[in-house]
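The values are calculated or read from the model by the stated rules, or taken from the named source; none is laboratory data. What you are looking at is a predicted structure, and each value in this text was computed from that prediction instead of being measured. Here Cβ is always computed from backbone atoms with ideal geometry, including for glycine, and neighbour counts include all displayed protein chains. Note: areas computed on protein heavy atoms with side chains; ligands, DNA, RNA excluded. Shrake-Rupley method; radii C 1.70, N 1.55, O 1.52, S 1.80 Å.
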Amino acid sequence: MALHNLNLLPYFLLPLISLLSNHIPPAQALTAPSDISALKAFKASIKASSIPPWSCLASWDFTTDPCALPRRTQFTCGLTCSPDSTRVTQITLDPAAYSGTLTPLISQLTQLSTLDLSENSFSGPIPSSISSLSKLQSLTLRSNSFSGSLPPSITNLKSLESLDISHNFLSGFLPNALNSLPNLRRLDLSFNKLAGSLPKLPPNLLELALKRNSLSGSVPKSAFTGLTQLEVVELSENSFSGTLQSWFFLLPSLQQVDLANNSLTGVEIPKPAGNGGGELVAVDLGFNRIEGYPPVNFAGYPVLSSLSLRYNRLRGRIPLEYGRKKSLKRLYLDGNFLIGQPPAGLVTNGVSGSLGDNCLQACPASSNLCLPSQKSNAICKQAYGGGKGKGKPRS
């Protein structure tokens, strides 16, 4: 029966036939024009030769609306749109070794909450216009080749919760207004070339990672004031100097500390207080220039399980309290000038680590804890100015 002979059909089928006989109009553009132009500029800033045919960016074909559904062949991955398909809310690229720069026109994506370009080969500066992304909550540029300074305008990103630009080539100083990021919980700028001192840090920070940079000076109390939620501090492989003061270990939520491979000369360890120190689990202060005696107060931290003071300039005896501490599972005191016998509890409690390369007597050769072997008597006598227990080790 011909569809055009409508008089022969029951009346209730007419609406259906009308739908079938009409042409379906082409999909209309949904994505905001400003977002489309920003996406085009974003892709154009990446070298075409670095875009593999199987990658997310290869599917970004602008003959199709970026937010139109379903995405069968175009824009199959790399971006997420708002529920009404009008705005781009996330860019999360695959690690496909894309090379190029980050266009300043990224600032037009004003509804962007996530920008993740990690593990690619982006280079050049981070554009200061990124500060226009007022909805941005997560910025991840880890493992690229970005260079230049961290733009001060980044402190305008008031919604930012996570900032990871580790493993790049950033230089210059940390922005002074870093503490004006009220929602930042995680900051990782490790493995860059940042210099200078620590500014005041964001007030609600949980994790701070700035390892392997060129930061220097003391670890200032002013930088950490009010950080009641800070749990993790990773500042190893910098040039921090002076004495790490007692206030640091009383930060109320502190759990993990890594300040190894710096130039610290002293450390003040207070007894844990009612509102500070009770959460401390792991401390690494190895490979510094810390002088004095092994801090006995570490034994008072109730859940401390890992402690490293290796390769410093410590002298005297290992505190007996270390051997009685049931929570202690890993202890590294090797490479110092410690004397006497190690506490028996360290061996009987099955503590791992090393007490080697010291001036200890009767360290059981059968225990791995006593490896490597102790320093020679000549070195130990010289370190103590000719008599053990007197004076402090020479440099």
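Descending by average beta-carbon neighbour count within 10 Å, the peptides 99-105, 84-90 line up as 99-105, 84-90, the highest first.
Take 54-63, 167-176 and order them by the average number of nearby Cβ atoms within 10 Å per residue, most first; the result is 167-176, 54-63.
When the solvent-accessible area of the chain is split by element, carbon and sulfur atoms take up 54 percent of it, the probe being 1.4 Å. Only the Cβ atoms of Lys and Arg (+1) and of Asp and Glu (-1) were treated as charged; on that basis the dipole of the chain about its Cα centre amounts to roughly 1600 debye. Take the Cβ atoms of Arg330 and Ser153, set R0 to 41 Å, and the FRET efficiency comes out at 0.45. A crude spin-label estimate for the pair Gln256 and Ser85, with each label 7 Å from Cα along the Cβ direction, gives 4.3 nm. One quarter of the convex hull surface built on the alpha carbon atoms of the range 95-162 amounts to 4.1 nm², the projected area averaged over directions. The residues of the chain expose, per residue, 46 Å² of accessible area to a 1.4 Å probe. For the range 70-106 versus the range 144-214, the spacing of their alpha-carbon centroids is 25 Å. Between Lys221 and Cys77, the simple spin-label model (points 7 angstrom out along Cα→Cβ) gives 5.1 nm.
For the modelled label position 7 Å from the Cα of Ala44 along Cα-to-Cβ, which residues of the range 102-133 have backbone nitrogen atoms closer than 13 Å? Only 103-106 fall inside the zone, counting backbone N under 13 Å.
If r is the Cβ-Cβ distance from Ser128 to Val296 and R0 is 56 Å, what FRET efficiency results, to the nearest 0.05? That gives a FRET efficiency of 0.65. Recomputing Rg/Rh (Cα atoms, Kirkwood Rh) from the coordinates shown identifies the correct label among [x] 1.20; [y] 1.02; [z] 0.99 as [x]. Would you please give the FRET efficiency between Asp61 and Ser214, computed as 1/(1 + (r/R0)^6) with r the Cβ-Cβ distance and R0 = 45 Å, to the nearest 0.05? Calculated value: 0.55.
Points 7 angstrom from Cα along the Cβ direction at Asn377 and Trp54: gap in nanometres? That separation, rounded to one decimal, is 6.7 nm. Put simply, when 127-140, 38-51 are sorted by average Cβ atoms within 10 angstrom per residue, most first, you get 127-140, 38-51. Principal-axis analysis of the Cα atoms of the chain puts helix 33-44 at an angle of about 60° to the longest axis.
Of all DSSP-defined beta bridges confined to the chain, some 10% are antiparallel rather than parallel.
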